[in-house]
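What follows is a short report on a single structure.
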Amino acid sequence: MLIKQGPYAGRVDYTPRTELDNDTIRRLSRLLVDAGAVEEPENPAVVIDWYLVERDHHRRPIRQAYIVLLRNGGDAETPACIFYRREIDRLRREERRTVHIPPPEAQPALTSAWQWWSDPGSGHLEELNAYLDRLLEDESAWEPYE
């Protein structure tokens with residue numbers, strides 16, 4: 001993930017670090033439909049992804065989290081977003097997957113942040129990061145992904 005603040009020359013390109021397989025994208029799209037956020041899934045796209053890591057004193061990763069914000073819909077209706085989180089705890093040898101569908105009042109700000117990298121001065125990146133910070137502080141906002 002590229003995060004660049006301040007003036008710069010040239011172009012900013014964004015390439016998600018976390019790739020979602022087709023089955024996961026279909027499942028996340030279905031969750032948006034089931035929640036009533038979109039009627040028909042179309043044009044799924046990763047808006048942004050984050051990678052968080054906790055390391056031990058030898059700098060080995062002991063806990064990792066991959067978080068993806070997926071946007072879906074848009075041609076025939078207003079798009080919606082869903083967060084998908086995959087956590088790996090190497091100490092306990094556990095993996096956990098969870099999702100968060102933002103409430104309807106938060107959806108417009110998140111879906112309009114689509115292609116945030118094309119206008120770095122727009123504040124979209126800061127808005128996405130601020131939402132994620134609030135989300136990470138509230139474990140009850142995440143639902144199991146099964």
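The values are calculated or read from the model by the stated rules, or taken from the named source; none is laboratory data. Quick caveat, the model's predicted, so the values are computed rather than measured. FYI the Cβ positions are ideal-geometry reconstructions off the backbone, even for glycines, and counts take in every protein chain you see. Side chains included, ligands, DNA and RNA excluded: accessible areas come from the protein's heavy atoms. Shrake-Rupley method; radii C 1.70, N 1.55, O 1.52, S 1.80 Å.
Brief remarks follow.
- Residue in segment 117-127 that is closer than 27 Å to D56 by Cα and either outside any loop (DSSP other than H, G, I, E, B) or open to solvent by 20 Å² or more (accessible area, probe 1.4 Å) (or both) present: no
- Filter result for E146 (open to solvent by 20 Å² or more (accessible area, probe 1.4 Å), modelled with pLDDT of 90 or more, assigned to a loop (DSSP other than H, G, I, E, B) and under 20 Å from D34 (Cβ atoms)): no
- Any hit, segment 32-48, residues being in contact (Cβ under 8 Å) with a residue 40 or more places away in the chain and farther than 18 Å from L110 by Cα: no
- Residue tally, condition closer than 20 Å to R30 by Cα and modelled with pLDDT of 90 or more, over segment 50-74: 6
- Scope segment 11-34; condition open to solvent by 50 Å² or more (accessible area, probe 1.4 Å) and either farther than 21 Å from H124 by Cβ or modelled with pLDDT of 90 or more (or both); matching residues: E19, D21, N22, D23, R26, R27, R30, D34
- Residue within segment 123-132 that is modelled with pLDDT under 90, in contact with a helix residue (DSSP H, G or I) (Cβ under 8 Å, 6 or more places away or on another chain) and farther than 20 Å from D21 by Cα present: yes
- Filter pass, V53 being out of contact with any helix residue (DSSP H, G or I) (no Cβ under 8 Å at 6 or more places or on another chain), touching a residue at least 40 places away in the same chain (Cβ under 8 Å) and closer than 20 Å to R17 by Cα: no
- Among residues of segment 99-113, those that are surrounded by 17 or more Cβ atoms within 10 Å (Cβ to Cβ) and touching a residue at least 40 places away in the same chain (Cβ under 8 Å), counted: 7
- Some residue of segment 2-10 being open to solvent by less than 40 Å² (accessible area, probe 1.4 Å), more than 11 Å from the chain's Cα centre (by Cα) and at pLDDT below 95: no
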